[in-house]
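The values are calculated or read from the model by the stated rules, or taken from the named source; none is laboratory data. Remember, predicted model here, so these are calculated numbers, not experimental data. Glycine also receives a Cβ, built like all others from the backbone with ideal geometry; neighbour counts cover every protein chain displayed.
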Amino acid sequence: MEYIYAAMLLHTTGQEINEENVKKVLEAAGSEVDEARVKALIAALEDVDIEDAIQKTAVAAPAAAAA
Amino acid sequence: MEYIYAAMLLHTTGQEINEENVKKVLEAAGSEVDEARVKALIAALEDVDIEDAIQKTAVAAPAAAAA
Amino acid sequence: MEYIYAAMLLHTTGQEINEENVKKVLEAAGSEVDEARVKALIAALEDVDIEDAIQKTAVAAPAAAAA
Amino acid sequence: MEYIYAAMLLHTTGQEINEENVKKVLEAAGSEVDEARVKALIAALEDVDIEDAIQKTAVAAPAAAAA
Amino acid sequence: MEYIYAAMLLHTTGQEINEENVKKVLEAAGSEVDEARVKALIAALEDVDIEDAIQKTAVAAPAAAAA
Amino acid sequence: MEYIYAAMLLHTTGQEINEENVKKVLEAAGSEVDEARVKALIAALEDVDIEDAIQKTAVAAPAAAAA
Amino acid sequence: MPHVAEWKKDEVASLKKLIESHEVVGMANLSDIPAPQLQKMRRSLKDSATLKMSRKTLMSLALNSSDKENITALEEHMDGQPALIFTNMNPFKLYKILEGSKTAAPAKAGSIAPEDIVVPKGDTAFKPGPILGELQKSGIPAKIEKGKIVITNDKTIVAAGEPIPRDVASILTRLEIFPLEVGIDLRAAYEDQTVYTSDILTIDEEKTLADIQKAFTQGLNLSVEAMIFNKESVPVLLQKAATQSLNLALNAEILNSKTRDILLARAYAQMLSVAAEASAKDENAVDDEIRE
């Protein structure tokens, strides 16, 4: 999940989710970065409103976490 | 939330969750770091089984949620 | 999902899931192949026991959502 | 299942699911193609809405997980 | 399903499930017999324990897998 | 079950489920036909909507799986 | 037949004619059917069957005079108030129709209970009075509650196959429980050298329905298991393939249009979960946004 965590981290801090930033975060976390996966991540997230995606999907999360 | 993501990122890459590492990740993500919060987080996470907390969560598929 | 389907197809026929094979299958299916996504796919699958990953339900119950 | 994956792949890439295309995909995946099975598959798909069948999965699968 | 019912019928009456018998049954049922499908049927059933297979719930399968 | 299978076969091929046809199918399957059972079957099926019964099964099965 | 009256000869001849001209000849028992009900049944059968009541001896004569092989076996099934039924429909179907047209009737002293007769628990319409004693005497657990006689437990008062005692019959009628069935009771039917008795003629429609569903399920199971493609198995196989593919994509964390939202939400949910545990230790470990 580190690629996704990196994206979420950048989303939370308000930074742009681009190749450079994702790589920077992953490297800071000591991860060996796979360029292809970074590219795929960026491509997949390009048109996505993360806030929206989380809200739409996360109904189960708090309940499950509380369980 | 960025503090938590940073910790999870470190957890996933297998790095130690200590002040230095958390700060490094947060800075890479362009975040201004609050030292007190980092300290509190690290202390609190000492007694938390992150893997366990992660496993506990469940996410419903959007289609399923809509059903 | 075509990249996943291609991987599943190769897995089922017992072929190696590598760049060349994935591309061959996707092209045969008339897909425009994005090299980066193929590479990302292969990288993501590298550490995964496919047989295992196929069986493990990755999405949570709607019951949880309702709870 | 390779015949099924071939059909799903063609469906996803928007290609027609006909004998020629299914065979092409299967051969690209290194599979020995049984013409009779391809014919049976195509005949069966004439009455089946793939999108519909797949959509049902999203709902059924998590429910199954709850069992 | 007529090919399957023909096979199940022969299985129940204790007759061999071979091309000749399957064709005979299908023709008696007024079906136009597709030789290729008969061959495919017989090939597919060769390695299957019919008694066992008819009991295995096909639809609930994902549930079982997930359980 | 051979009497039921014979009826299902005729239903699938679109033939009328009458004494003559059921007997023809059973004989083709090498079964010794008991006239009384054929007659009982026909009488029992007269008020049964096979298609409906099948549909109910098909619906019940995933529902059961989901339960 | 030297001393046989002319009308009897005519009746035998007419019965014989009916026997010869129908594929199916049934022997029924019309005991206990009130006349108006019998009229009604006769009318409803009009197009599909003919019902003829006659003396036993005349029916025997007619059966014995028939050329149909083995039809005299029907004589063994002359019970009560016998009648012959003539039809061309499947004897099983005839039986089904006749059974279906039976109606509930009050208990009669000495009648055999066709099944267990149960007095259900619950309120009765009776005000307190001597009937309470009568109920109790018949073995029905009754008491007075809020000014009414109430039956406290379900009670099987006559077991299947037992005769109904006189006092029980009267109580049942007063309770408006009608445990008997009246109607044309088809004892046996002849068709094509075979006499089918009522036990054989009984069709279990529910079992037939269940068998159909079983056959379909078995066929589907076999199709899926053996990967035989037909329009029933292919949707199941597609679902299986789609589920497995989705599982793989999610478990391998491969982002595409189908998995993206789920994976993002999963990361978020995991973060919340970790945050919840961290804040349980020290609430300053997390920021305000999460604490809300």
Among the residues of segment D:21-60 satisfying the criterion of being among the aliphatic types (A, V, I, L, M) and not in a helix (DSSP H, G or I), which is modelled with the lowest pLDDT?
-> D:48
Only unsatisfied item for residue C:36, checking (1) under 12 Å from the mean Cα position of the chain (by Cα); (2) small (Gly, Ala, Ser); (3) facing chain A (nearest Cβ under 10 Å), is (1)
Is it the case that residue G:233 is polar (S, T, N, Q), out of contact with any Gly (no Cβ under 7 Å at 6 or more places or on another chain), under 24 Å from residue A:5 (Cβ atoms) and outside the structural domain of residue G:91 (by TED's automatic domain parsing)?
-> no
Given the residues G:269, G:189, which is the only one that is over 25 Å from residue F:3 (Cα atoms) and either more than 14 Å from chain A (Cβ to nearest Cβ) or out of contact with any His (no Cβ under 6 Å at 6 or more places or on another chain) (or both)?
-> G:269
Would you say residue G:162 is touching a strand residue (DSSP E or B) at 6+ places or on another chain (Cβ under 9 Å) and among the acidic types (Asp, Glu)?
-> yes
For segment G:129-151, state whether one or more residues are of a type in the set (Lys, Arg), farther than 30 Å from residue G:19 by Cβ and surrounded by 15 or more Cβ atoms within 10 Å (Cβ to Cβ).
-> no
Got a sec? Which strands (runs of 3 or more DSSP E) wholly within segment G:47-150 have at least 2 residues that are under 29 Å from the mean Cα position of the chain (by Cα) and β-branched (Val, Ile, Thr)?
-> G:82-87, G:117-119
Given the residues D:6, D:40, which is the only one that is without any contact (Cβ under 8 Å) to a residue 12 or more places away in the chain, buried (at least 19 other Cβ atoms within 10 Å of the Cβ) and closer than 17 Å to residue D:53 by Cβ?
-> D:40
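Listed here are the residues, each with its yes/no results for (1) part of a helix (DSSP H, G or I); (2) crowded, with 24+ Cβ neighbours inside 10 Å; (3) of a type in the set (Phe, Trp, Tyr).
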| position | (1), (2), (3) |
| --- | --- |
| G:253 | no, no, no |
| G:256 | no, no, no |
| G:265 | yes, yes, no |
| G:270 | yes, yes, no |
| G:274 | yes, yes, no |
| G:279 | yes, no, no |
| G:284 | yes, no, no |
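Restricting to segment G:209-234, name every residue that is within 7 Å of chain E (Cβ to nearest Cβ), part of a helix (DSSP H, G or I) and charged (D, E, K, R).
G:225 - this is the single residue of segment G:209-234 that is within 7 Å of chain E (Cβ to nearest Cβ), part of a helix (DSSP H, G or I) and charged (D, E, K, R).
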Considering (1) facing another protein chain (nearest Cβ under 7 Å); (2) touching a residue at least 24 places away in the same chain (Cβ under 8 Å), say which one residue G:260 fails and leave the rest.
-> (2)
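Return a yes/no flag: does segment G:173-187 have any residue that is part of a loop (DSSP other than H, G, I, E, B), touching a residue at least 60 places away in the same chain (Cβ under 8 Å), acidic (Asp, Glu) and within 24 Å of residue F:47 (Cβ to Cβ).
Going residue by residue through segment G:173-187, those that are part of a loop (DSSP other than H, G, I, E, B) are G:175-179, G:183-184.
Going one step further and asking which of them are touching a residue at least 60 places away in the same chain (Cβ under 8 Å), we end up with G:177-179, G:183-184.
Retained after the next criterion (residues that are acidic (Asp, Glu)): none.
No - not one qualifying residue is present in segment G:173-187.
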Unique residue being farther than 26 Å from residue D:33 by Cβ and either out of contact with any Cys (no Cβ under 6 Å at 6 or more places or on another chain) or surrounded by 17 or more Cβ atoms within 10 Å (Cβ to Cβ) (or both) when the list is E:46, E:19, E:27, E:35 | E:27
Tell me which of these residue B:66 doesn't satisfy, since it passes every other one: (1) at pLDDT 90 or above; (2) more than 7 Å from every other protein chain (Cβ to nearest Cβ).
-> (1)
When segment B:4-20 is examined, which residues are found to be in a helix (DSSP H, G or I) and among the acidic types (Asp, Glu)?
-> B:19, B:20
